[in-house]
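Here's the structure, in C-alpha cells; my notes come after.
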Protein chains: 2
Amino acid sequence: MNAEGYAMEIEARDGAARAGRLITPHGAINTPTFMPVATYGAVRGIPAHELAGIGAQILLANTYHLHERPGDELIGDLGGLHGFTGWRGPWLTDSGGYQVTSLAHRMTLDEEGVTFASPLDGKRRQLTPENVIGIQERLGSDIAMILDQCLPPDPDAGLALEQAMERTLRWAERAASARKRPDQAVFAIVQGGVNEGLRTRSARASAALGFDGYAHGGLGLGESREARQDAVSAAHEGLPSPAPRYLMGLGRPVDLLDGVACGVDLFDCVVPTRNGRHGLLFTHQGVLHIKNARYKTDDSPVDPACDCITCRSHSRAYLNHLIRCGEALGSQLAALHNLRFYLGLLERARRAIVEGGFAALRTEVEAASSERAA
Amino acid sequence: MNAEGYAMEIEARDGAARAGRLITPHGAINTPTFMPVATYGAVRGIPAHELAGIGAQILLANTYHLHERPGDELIGDLGGLHGFTGWRGPWLTDSGGYQVTSLAHRMTLDEEGVTFASPLDGKRRQLTPENVIGIQERLGSDIAMILDQCLPPDPDAGLALEQAMERTLRWAERAASARKRPDQAVFAIVQGGVNEGLRTRSARASAALGFDGYAHGGLGLGESREARQDAVSAAHEGLPSPAPRYLMGLGRPVDLLDGVACGVDLFDCVVPTRNGRHGLLFTHQGVLHIKNARYKTDDSPVDPACDCITCRSHSRAYLNHLIRCGEALGSQLAALHNLRFYLGLLERARRAIVEGGFAALRTEVEAASSERAA
C-alpha cells in the first residue's frame with residue numbers, strides 16, 4: 001500500500017484463506033472482517049458505540065447519497081466523516097456508481113462518466129472518475145473506491161463485459177491521476193463477470209496501475225457460488241498478494257466464507273440489517289423467522305450461542321411481539337443481532353485460519369445454513 | 001402504602017415541593033421523577049440499558065395496548081413485564097381507560113364499564129374496574145391504576161364532571177375489592193376537572209378507600225396552568241401526605257415543575273419522545289428546532305450542558321442531517337436526549353428541594369422556556 005499511514009500484514013494462512021491486519025490512519029482492522037453499511041453516515045437505528053460494542057472495526061458509507069445529502073463540501077468542512085458522524089474509526093466509501101445505475105432515472109453512461117437526473121430534485125448530475133475521487137477526498141474516508149462500470153455476469157454478454165472491464169481500467173487510470181490526498185487509500189475494482197480470463201486480465205492491469213487495494217465488482221448478481229469463486233480466484237492470480245482484497249456487496253454467511261476461502265479480506269452487505277428489519281435472524285443453528293407464531297411464547301434467546309445485547313437481555317417472544325407491533329426497537333435489536341452474527345462469523349473465520357481449522361468451520365456453517373433454527 | 005414491599009419516605013421539603021424515595025419490589029425510585037412511556041413494553045427505539053444509563057428509574061406501559069398485543073395472559077406466563085421485556089426495574093401500568101376513550105370506535109360508557117370495538121379486529125371488548133385490575137395483575141406491574149372516567153375540565157360541565165367524579169369513586173371501590181395480589185400497589189385517580197371543591201372531595205373519598213398512591217386525572221387537557229395548580233393543590237388537601245402522588249400525562253418542563261411545586265412525585269408524558277421524533281429538542285437554553293437550516297453546519301452539541309450520548313458524541317449538524325434524511329438513528333438520538341433532559345430536570349428539582357433552592361430553579365426554567373435556543 002502506497003498511501004501514507006497504511007499497511008497490510010498477513011499474519012496467517014490456511015489454504016488460500018488469510019488472517020491479516022490492515023493499518024489505517026484511524027485504527028487497525030483485523031481481517032477478514034465485515035463492514036456494516038452506514039448509507040447516510042449512520043447504520044440504520046444503531047448508534048456508533050453499539051457498533052463498536054459488537055466488534056465493528058470499519059463502516060461503509062455511500063458516496064452518492066452523502067453527495068446529495070448533506071453534501072460532501074459540508075461534511076468536509078465539519079471534519080470529514082470522522083468529525084461529522086459519531087464513528088471515529090476507519091471509513092470506507094463506495095464510488096456511487098452502483099447507486100446511480102440502480103436508483104437514478106434518465107441515466108446515460110459514456111466514456112466521460114455517468115450522467116443522470118437526481119431523484120431528489122430532478123437536476124442533471126454527472127459522476128466521473130475524477131469527481132468521485134474529489135467527493136471522497138472531501139468525505140475524508142480512509143478507503144475510497146474508483147468509479148467502475150458494472151454489468152451483471154451474463155455469460156452471453158462477452159463483448160459487453162470485456163468493454164465494461166476495459167472502460168473500468170481507463171477510469172481507474174484517470175482516478176489514479178486525480179488523487180490529491182496522500183493520506184487516503186484508493187481501491188481499484190476488478191470487473192469481467194464470471195469470465196476467468198477477463199478477471200485475471202482486469203486484475204493484472206489494475207495492479208499495474210499501483211492501487212492500495214483491490215475489489216471484486218459485479219458479483220452477487222445471480223451467478224452460481226462456484227462460478228463466483230472461480231472468478232474471485234482468477235482475479236487473485238493477477239493481484240499482488242499483500243494488498244487488501246474486498247468482495248463488494250455479498251452476501252449470505254456461506255458467501256462470505258466462500259470469499260474468505262479464496263483469500264478475500266473485506267466484505268459488506270445490507271443483508272444482515274435489511275433481513276433483521278424483516279424479522280429474519282441468523283443464528284448458529286440456521287435462519288430464524290422471528291415473526292413465526294411458534295416464537296410467540298418462546299422465552300429463550302434468539303441465539304443461545306450469541307453474546308449480543310439482543311440475545312443477552314431479550315427473548316424470542318419479546319422480539320416476536322415488538323416486530324409484529326412494528327415497534328422500532330424490534331428492528332433495531334434484530335439488526336444488531338444479525339450484524340453481531342456477521343462480525344462474529346468473520347472473527348471465527350480469523351481464529352480458524354490462525355489455528356488451521358478453516359475447512360472445518362466452513363463445513364459447520366454450510367450445514368447450519370441449510371437448517372431452520374429450532 | 002399497604003402493598004407488600006412498598007414504602008414512601010419523604011426526605012426533604014421546600015414549600016409544598018418534596019423530595020422522596022419510593023420503595024418497590026423491583027427497586028427504589030428517587031422522587032420527583034419522570035416515567036418514560038413504553039407503550040408496547042418498549043420505549044420507541046431505545047433499549048433498556050440506554051434508559052438506565054440516562055437515569056430512568058421506572059417505566060410506564062399501556063395496559064390496553066398490551067392487553068390487545070401480545071395479551072396479558074402471555075406476558076403473565078412469561079414472568080410479567082419484568083420477565084417479558086428487557087426492563088427489570090419498576091413498572092407502572094395505566095388502566096387503559098384513556099386509550100380506549102381516545103382510540104376506540106363504537107365506545108359506550110356506563111356504570112358497568114367501557115364497551116368498545118377493538119381497532120385491531122373490530123370485536124367487542126369491555127373494560128371494567130374489576131377486569132383492568134386483573135389484566136394489570138397478570139402484567140405484574142409494580143403500580144397499577146384504577147379505571148376512571150375522565151372528562152376534559154370544561155367549566156360549563158359542572159354536573160357531568162361531578163357525575164364522572166362520583167362514578168370514578170364507585171369504580172375505585174370496585175377496583176379495591178377486586179385486588180388479589182398483595183405485592184402490587186394500586187393508585188386511585190382523583191377527578192373533578194378544575195373545580196377545587198370537587199377535587200378535594202374526590203381526593204378525600206379516594207383516600208378513605210385506602211389506596212397505595214393517588215393520581216391526578218383529567219388535567220393537561222386545555223386548562224390554564226394556574227387552574228391546574230389550584231386543582232392539584234386542592235386534591236392534595238384531601239390526600240394523606242406520605243402517599244405518592246402522580247400527575248398523569250403532563251407535559252412541558254414548566255408543567256412538571258408546576259406539579260413539583262404543588263407536591264407531585266411522579267410524572268409521565270409522550271412529549272419528550274414524540275417531540276424528539278419531530279426534531280424538537282429541549283435544552284437548558286430553550287427549545288431547539290433541529291431541522292432548521294441554521295443547524296445544518298453547526299458542529300456544537302445539541303445542549304452543551306447535557307451529559308447524554310447524543311450531546312457527548314454528536315453535533316447539531318449530524319442530527320439535522322439524520323432527521324432530514326428520515327434516518328431512524330436521528331429520531332432515536334433526539335428522543336434519548338429529550339428523555340435525558342426530562343429525567344435531568346427532575347433530578348435538578350430534587351437536588352434543589354434538598355438544598356432549599358427550588359424557587360430559583362423554577363425561575364430559571366421558566367425563563368428558558370420562553371426562549372429559543374441559540
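Picking from A:T168, A:T283, A:T31, which is most flexible by a Gaussian network model of chain A using Cα springs under 10 Å?
Ranking A:T168, A:T283, A:T31 by mean-square fluctuation puts A:T283 first.
Please compute the net charge surrounding B:A160, taking Lys and Arg as +1 and Asp and Glu as -1 over other residues with Cβ under 13 Å from its Cβ.
Net charge in that neighbourhood comes out at -3.
Let me spell out the model: positive unit charges on the Cβ of Lys and Arg, negative unit charges on the Cβ of Asp and Glu, origin at the Cα centre of the protein assembly as shown. What dipole size does that give, in debye rounded to 20?
It works out to roughly 260 debye.
Please compute the Kirkwood hydrodynamic radius over region B:247-317, one decimal place, Å, based on all pairs of different Cα atoms. Before the final figure, lay out each step's value.
Values: mean 1/r = 0.0742 Å⁻¹.
Taking the inverse mean of 1/r over all distinct Cα pairs, region B:247-317 comes out at 13.5 Å.
When we measure straight from the Cα of B:K291, which aspartates and glutamates land under 20 angstrom away, once same-chain ones fewer than 8 places off are left out?
Correct list for B:K291: A:E68, A:D72, A:E73, A:D77, A:D121, B:D299, B:D303, B:E327, B:E371.
Please give me the summed charge of the neighbours of B:A12: other residues whose Cβ is under 11 Å from its Cβ, Lys and Arg +1, Asp and Glu -1.
Surrounding charge for B:A12 is +1.
Based on the alpha carbon coordinates of region B:276-369, what radius of gyration and maximum Cα-Cα distance (Dmax) apply, in Å?
Considering region B:276-369 through its Cα atoms, Rg and Dmax are 14.1, 46 Å.
Put one equal scatterer on each alpha carbon of chain B, apply the Debye formula with no solvent term, and list log10 I(q)/I(0) at q = 0.11 1/Å to two decimals.
Once normalised to I(0) and log-transformed, intensities are -0.76.
For helix A:158-178, what angle does its Cα long axis make with the longest principal axis of chain A, in degrees from 0 to 90 and rounded to 10?
Between helix and principal axis, roughly 80 degrees.
Taking a ≥ b ≥ c as the square roots of the eigenvalues of the Cα gyration tensor of the protein assembly as shown, is the shape rounded (a/c under 1.5), prolate (a/b larger than b/c) or oblate?
In terms of gyration-tensor shape, prolate.
Tilt of helix A:225-237 relative to the longest C-alpha principal axis of chain A, in degrees (0 to 90, nearest 10)?
Result, in degrees: 50.
Under 10 Å, Cα contacts only: if you run a Gaussian network model on chain B, which one of B:H105, B:H337, B:H278 comes out with the highest mean-square fluctuation?
Result: B:H105 has the largest fluctuation of those listed.
Grab the other residues whose beta carbon is less than 14 angstrom from that of A:P304, score K and R as +1, D and E as -1, and report the net.
-1
In Å and from the alpha-carbon atoms only, list the Rg and Dmax of region B:103-217.
14.5, 42
Per-residue HN-Hα couplings for region A:304-315, Karplus 6.51 cos²θ - 1.76 cosθ + 1.60 at θ = phi - 60°, whole Hz, x for Gly and Pro?
Each residue's phi maps through the Karplus curve to give x, 8, 9, 9, 7, 4, 4, 6, 6, 10, 9, 9 Hz.
How large is the Rg to Rh ratio of region B:175-294 when both quantities use alpha carbon positions and Rh follows Kirkwood?
Over the Cα atoms of region B:175-294, Rg/Rh equals 1.07.
Convert 10 °C to kelvin, take the viscosity as 1.306 mPa s, use the Kirkwood radius over C-alpha pairs of region B:26-155 as Rh, and evaluate the Stokes-Einstein diffusion coefficient in µm²/s, rounded to a whole number.
Rounded to a whole number, D works out at 103 µm²/s.
For region B:160-252, run through the GluC sites (Glu not before Pro) and keep only the ones in DSSP coil with at most 12 other Cβ atoms within 10 Å of their Cβ.
none
Mind listing the label-point distances from B:A305 to the same position on all other copies, shortest first, one decimal in nm, points 7 Å along Cα→Cβ?
5.2
Which one, A:L221, A:N338, A:L78, projects farthest toward the positive side of the charge dipole computed for chain A from Cβ point charges (K/R +1, D/E -1)?
It is A:N338.
Between copies, how close do the B:P152 label points come, placed 7 Å along Cα→Cβ, listed in nm from shortest?
5.7
For A:L120, place a label point 7 Å out from Cα along the Cα→Cβ vector, do the same in each other copy, and report the separations in nm, one decimal, smallest first.
Label point to label point, same position, other copies: 4.1 nm.
If the elastic network links every pair of Cα atoms under 10 Å, which of B:A335, B:A144, B:A352 fluctuates the most in the Gaussian network model of chain B?
Residue with maximal mean-square fluctuation among B:A335, B:A144, B:A352: B:A352.
Loop-only check: which trypsin sites (Lys or Arg not before Pro) in region A:1-91 are DSSP coil with at most 15 other Cβ within 10 angstrom?
For trypsin sites (Lys or Arg not before Pro) across region A:1-91 that sit outside H, G, I, E and B with at most 15 neighbouring Cβ atoms in 10 Å, the list reads A:R88.
Roughly what angle does helix B:253-262 make with the longest principal axis of chain B, taking Cα atoms, 0 to 90 degrees, to the nearest 10?
Taking the Cα atoms of chain B, the angle to B:253-262 is about 50 degrees.
Read-outs: derived from the displayed coordinates by stated rules, not from any lab. Bear in mind the structure is a predicted one, so any value in this text is a computation, not a measurement. Note: ideal-geometry Cβ built from the backbone for every residue, glycine included; neighbour counts use all protein chains shown.
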